[in-house]
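The structure under discussion appears below in the form of structure tokens.
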Amino acid sequence: MQILSVGSVALDAVETSAASVDGVIGGSAVFFSAAASLLAPVRVVGVVGGDYPLAQLRFLRDRGVDFTGLARRGGESFFWAGRYSDDFRSRETTVTRLGVFADFDPVVPPAWRDSGIVFLGNIDPELQLGVLDQVRSPRVVAADTMNYWIERTPDSLMRVLSRLDILLVNDEEARQLAGEDDLAAAARRIRRHGPTLVVVKQGEDGAVVFADGWSHSCPAHAPERITDPTGAGDAFAGGFLGHLARTGSSGRAALRKATLYGTATGSFAVEAFSVDRFRTLSLAELEARVRHLEAAVATEPRLAGARR
Ligand code: AMP
């Protein structure tokens, strides 16, 4: 099944206590497609400026990512810079320059309107709605969002929620969106607005999927090293939806397995700057990590966040 991914295609600068990089490729659609393309074909809708190093997307093209929907405009590409604390627990955004992204009006190529899965990256909810108006009855619609939109455009965000099957957010965003501290109660409240599934990413505490009458938690993969956490959430979404696209199923077993794939792809993302770890990552390595996580899930007690 084909996945349509709409989101930022960015240039990033990242600073950690150990090293820093500047002008590397990033953005939600890039991290998402780097992970999802190991499992299923991906179509990207986005925009870049004349400064974008398109040759660096080549490894993704070679893995079946179609960039026909990536518009090129005169001007600067979206640029984001961030700095991490020594323990990677917090991040400060130091620069955001929208550039050509300021006028981004996503156009889904006509041949892509039948995509089976749609992933709406973290962009203005009005643009997310515009994308949904251009696609024909996808099997699964999933989206990400962030506190910026929760605070500034709550009404549009509610309209997006009403059209979603899956919302992927981190724990802080889930609590803020629902106005509810208890995570299971927050997920229940969000589900009342539309999504049948709420996937809550909890960083080093793993991830929990909340559905009607059941929940499933997956511990995080204990990393040997963290180089750069940027994009881990989008890579999680890529692994999660990539598995659903590959199997064509969204039953309970597939959703459980998708959580393992998302956790695994998110964990690979943090091992290098930008999408560098995905340049060499093989499907066999990804599946080995999924098996490892599966064994951990089988032996670990449920996470506190999964209590209902
Ligand atoms: P994450 O670590 O999941 O927050 O994703 C980080 C990626 O999102 C970086 O590669 C940034 O280029 C991109 N990004 C940061 N801020 C925004 C924004 N406001 N809109 C779209 N993409 C963004």
Checking A55 against (1) in a strand (DSSP E or B); (2) surrounded by fewer than 17 Cβ atoms within 10 Å (Cβ to Cβ); (3) not acidic (D, E), which single condition isn't satisfied? (1)
Note down all Cβ pairs under 7 Å where the first residue falls in region 89-112 and is closer than 26 Å to P138 by Cβ, the second is in a strand (DSSP E or B) and open to solvent by 60 Å² or more (accessible area, probe 1.4 Å), and they're at least six residues apart or on different chains. P109/T68
Sole miss for S217 among (1) hydroxyl-bearing (S, T, Y); (2) under 22 Å from G121 (Cα atoms); (3) more than 17 Å from the chain's Cα centre (by Cα) is condition (2)
Which of the numbered conditions does A40 fail, given that it passes all the others? Conditions: (1) under 20 Å from Q2 (Cβ atoms); (2) small (G, A, S); (3) assigned to a strand (DSSP E or B). (3)
Restricting attention to region 2-16, report how many residues are within 8 Å of the ligand (Cβ to nearest atom), assigned to a strand (DSSP E or B) and under 15 Å from A34 (Cβ atoms). 2
Residue by residue through region 53-95, note down the ones that are of a type outside the set (V, I, T) and within 12 Å of the ligand (Cβ to nearest atom). S77, F78, F79, W80, A81, G82, Y84, F88, R91
All but one of (1) open to solvent by 10 Å² or more (accessible area, probe 1.4 Å); (2) more than 11 Å from the ligand (Cβ to nearest atom); (3) of a type outside the set (A, V, I, L, M, F, W, C); (4) not in a loop (DSSP other than H, G, I, E, B) hold for S33; state the number of the condition that does not hold. (1)
Can you confirm whether region 211-232 contains a residue that is of a type in the set (A, V, I, L, M) and part of a strand (DSSP E or B)? yes
May I ask you to list the residues in region 213-242 that are within 16 Å of the ligand (Cβ to nearest atom), open to solvent by 10 Å² or more (accessible area, probe 1.4 Å) and among the acidic types (D, E)? D234
All positions within region 17-30 that are within 12 Å of the ligand (Cβ to nearest atom) and either under 17 Å from L57 (Cα atoms) or open to solvent by less than 10 Å² (accessible area, probe 1.4 Å) (or both): G23, V24, I25, G26, G27, S28, A29, V30
Report the residue count in region 112-167 for those that are within 16 Å of the ligand (Cβ to nearest atom), of a type outside the set (S, T, N, Q), open to solvent by less than 10 Å² (accessible area, probe 1.4 Å) and within 15 Å of the chain's Cα centre (by Cα). 7
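Results for (1) within 16 Å of A35 (Cα to Cα); (2) modelled with pLDDT under 95, shown as yes or no for each residue.
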position	(1), (2)
E180	no, no
H193	no, no
F210	no, no
R225	no, yes
H243	yes, no
S249	no, yes
E271	yes, no
T280	yes, no
Which of the residues belonging to region 61-88 are in contact (Cβ under 8 Å) with a residue 40 or more places away in the chain and of a type in the set (A, V, I, L, M)? L70, A81
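The values are calculated or read from the model by the stated rules, or taken from the named source; none is laboratory data. Predicted model only: the values in this text are computed from it and were never measured. Cβ sites come from the backbone with ideal geometry, for glycine too, and all protein chains shown count toward neighbours. Heads up: the accessible areas ignore ligands, DNA and RNA and are worked out on the full protein's heavy atoms, side chains in. Shrake-Rupley method; radii C 1.70, N 1.55, O 1.52, S 1.80 Å.
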